[in-house]
Amino acid sequence: MELIEVTNLRKRYKDHVAVEDVSFSVGEGEIFGILGPNGAGKTTTVECVSGLRRRDGGGIRVAGLDPHRDRAGLRRILGAQLQSSQLHDQIKVWEAMDLYASFYPQPADWRTLLDLVGLTPKRNATFAKLSGGQRQRLSVALALVGRPRIAVLDELTTGLDPQARRDMWELVEAIRADGVTILLVTHFMEEAERLCDRLTLIDGGKVIATDSPAGLVAAVGQDQRVSFRPSKPVDEAILLALPEVRAVERSGAQLVVSGTGNLAPAVTLALAGHQIVPNDLRIDQATLDDAFLALTGKKLAE
Ligand SMILES: Nc1ncnc2c1ncn2[C@@H]1O[C@H](COP(=O)(O)OP(=O)(O)OP(=O)(O)O)[C@@H](O)[C@H]1O
């Protein structure tokens, strides 16, 4: 059985339909992403899954529980990353951890968690004195203090600088390595590509597609491009004979080969067979952004 099952979820705010029809399922141990532009309905979806909002229609099961009917049971297995603004400015890092640990019968050791998120040196700092990245890391530690089977992380790298973002990605991978299933909301394509085993693309409250990042990109069937400067003249026919190659273009001393499948290995192997070295080799592959554009006609990027 899947750990999280969402079927035909529907949620409206007054007369605005935020989630129109969202279905997906998440297996134990997965990092599952919900990716979409601002206002797509991502947060509303995970708030319904986390029991923080009541759905208007459709079904949700989390480890067999209905998040709305069995909120106490859900709290024992699901930790949602809190919006950091919910903490008081003067609370110290260790006090927040200690307070949240007191909500659970068998909490994790919060000292170990602070170590995991790299906040031990800041344990006596007040919330007001933490940087944006430190606040985000504290919110992740607070979500984990109840030893959840599932962690819901919503836009956890928004507003972070590139280094802090990469640190956060490593933290998410460490949490999963610990056996926690992760439901991750993001609008960063790079984050989804790096972290998610599978993800669902949402736009306008509806699921556009669900697959692995590579599967979503491949389904769109975009060409890859391999460019290089050959060490000696190349007979284009050698490359055009490869099933992966669709076209070969020359641009000065550079050759640009486009096609699909395992294009780069096929091209380099064929060149090697003729003792040709592809200098300054560059591979441009389609991204999730391209997939989103092809599926919706819109750009996903910030
Ligand atoms: N409490 C609310 N009351 C009324 N409308 C809301 C409320 N919360 C969200 N909405 C609206 O519902 C739609 C979906 O919002 P939601 O926050 O779920 O999207 P999102 O994909 O998470 O976007 P973002 O990345 O901007 O948070 C948006 O149009 C938003 O303005």
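Throughout, read-outs are computed from the coordinates displayed, never taken from laboratory work. Since this is a predicted model, take the numbers as computed values, not measurements. Backbone-built Cβ (ideal geometry, glycine too); neighbour counts: all protein chains shown.
Using only alpha-carbon positions, what ratio does the radius of gyration of region 22-77 give when scaled by 2.2 N^0.38 Å? Walk me through the intermediate numbers first.
Numbers: Rg = 11.6 Å, N = 56, 2.2 N^0.38 = 10.2 Å.
Rg over 2.2 N^0.38 Å, computed on Cα atoms: 1.14.
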- Item | Residues A218 and K299, FRET efficiency given R0 of 22 Å [Cβ-Cβ distance, rounded to 0.05] | 0.65
- Sum -39500 (n - 2.57) across every DSSP H segment of at least 4 residues in the chain, then divide by the residue count to get the 222 nm mean residue ellipticity, nearest 500. -9500 deg cm²/dmol
- Task: Give the share of C-alpha pairs in each 10 angstrom bin for region 122-278, from 0 to the last occupied bin, in whole percents, shortest bins first.
- Result: 9, 27, 21, 19, 16, 8, 1
- Given the candidates L199, G57, T186, the one whose Cα lies deepest towards the positive end of the charge dipole of region 4-218, counting +1 at each Lys or Arg C-beta and -1 at each Asp or Glu C-beta, is G57
- Query: Each label point is 7 Å from the Cα along the Cα-to-Cβ direction; what then is the distance between the points at R147 and A241, in nm?
  - Reply: 6.4
- Taking only Cα atoms and a 10 Å spring cutoff, compute GNM fluctuations for the chain and point out the largest among A125, A151, A247. A247
- Note on the structure: Looks like region 223-285, by Cα gyration tensor root eigenvalues a ≥ b ≥ c and the a/c under 1.5 rounded cutoff (else prolate when a/b is bigger than b/c, oblate otherwise), is rounded
- Message: Can you compute 3J(HN,Hα) from phi for each residue in region 132-142, using the Karplus curve 6.51 cos²θ - 1.76 cosθ + 1.60 with θ = phi - 60°, rounded to whole Hz and x for Gly and Pro?
- Response: x, x, 5, 5, 4, 5, 5, 5, 5, 4, 5
- In whole Hz, the Karplus estimates of ³J(HN,Hα) for region 196-201 (6.51, -1.76, 1.60; θ = phi - 60°; x where Gly or Pro) are 7, 6, 9, 8, 10, 8
- Taking the Cα centre of region 223-285 as origin and charging only Cβ (+1 Lys, Arg; -1 Asp, Glu), how large is the dipole, in debye to the nearest 20? 120
- Query: Over the Cα atoms of region 85-174, what Rg and Dmax result, in angstrom?
  - Reply: 12.3, 37
- Query: What is the list of residues in region 56-82 whose amide nitrogen lies under 20 Å from a point 7 angstrom out from the Cα of M1, following Cα to Cβ?
  - Reply: 58-79
- Under the 7 Å Cα-to-Cβ spin-label approximation, T158 and S102 lie apart by a distance in nanometres of 3.1
- Query: Between rounded, prolate and oblate, where does region 191-302 land on the alpha carbon gyration tensor, with a ≥ b ≥ c its root eigenvalues, rounded for a/c under 1.5, else prolate if a/b exceeds b/c?
  - Reply: prolate
- Most positive-pole-ward Cα, A253, A270, L239, against dipole of region 223-285 from beta carbon charges: A253
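From the convex hull of the Cα coordinates of region 1-110, what is the mean projected area in square nanometres?
Values: hull surface 34.2 nm².
Its Cα hull, projected and averaged over all orientations, spans 8.6 nm².
Given the Cα-Cα distance of E170 and E190 and 0.36 nm per residue of separation, how much length would full extension add, in nm? Mind dumping the intermediate values first?
Details: separation 20, 0.36 × 20 = 7.20 nm, distance 1.38 nm.
Once the chain is fully extended between E170 and E190, it gains 5.8 nm.
Work out the FRET efficiency for R123 and I77 from their Cβ-Cβ distance, taking R0 = 30 Å, and round it to the nearest 0.05. All intermediate terms of the calculation are to be shown ahead of the outcome.
Working: r = 27 Å, r/R0 = 0.91.
About 0.65, to the nearest 0.05.
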- Message: Based on alpha-carbon centroids, what's the gap between region 192-266 and region 1-65 in Å, whole number please?
- Response: 33
- Message: For a test of understanding, tell me how many lysine pairs in the chain have Cα atoms under 17 Å apart, given they are 8 or more places apart or on different chains.
- Response: 9
- Task: Obtain the nm distance between the two label points defined at R229 and R282 by a simple spin-label model: each point lies 7 Å from its Cα along the Cα-to-C-beta direction.
- Result: 1.2
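Please give me the summed charge of the neighbours of G29: other residues whose Cβ is under 11 Å from its Cβ, Lys and Arg +1, Asp and Glu -1. Don't skip to the answer; put the middle values down first.
Details: positive: R149, R176; negative: E28, E30, D178, D197.
Cβ neighbours under 11 Å give a net charge of -2.
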- Query: Hey, what angle do you get for helix 263-272 against the long axis of the chain, alpha-carbon based, 0 to 90 degrees rounded to 10?
  - Reply: 40
- Item | Tail fraction, Cα-Cα pairs, the chain, threshold 31 Å, whole percent | 41
- Determine ³J(HN,Hα), in whole Hz, for all residues of region 88-104 in sequence, where each value follows from phi through the Karplus function 6.51 cos²θ - 1.76 cosθ + 1.60 and θ = phi - 60°; x replaces Gly and Pro. 6, 4, 8, 5, 7, 4, 5, 5, 4, 4, 5, 5, 5, 4, 5, 6, 10
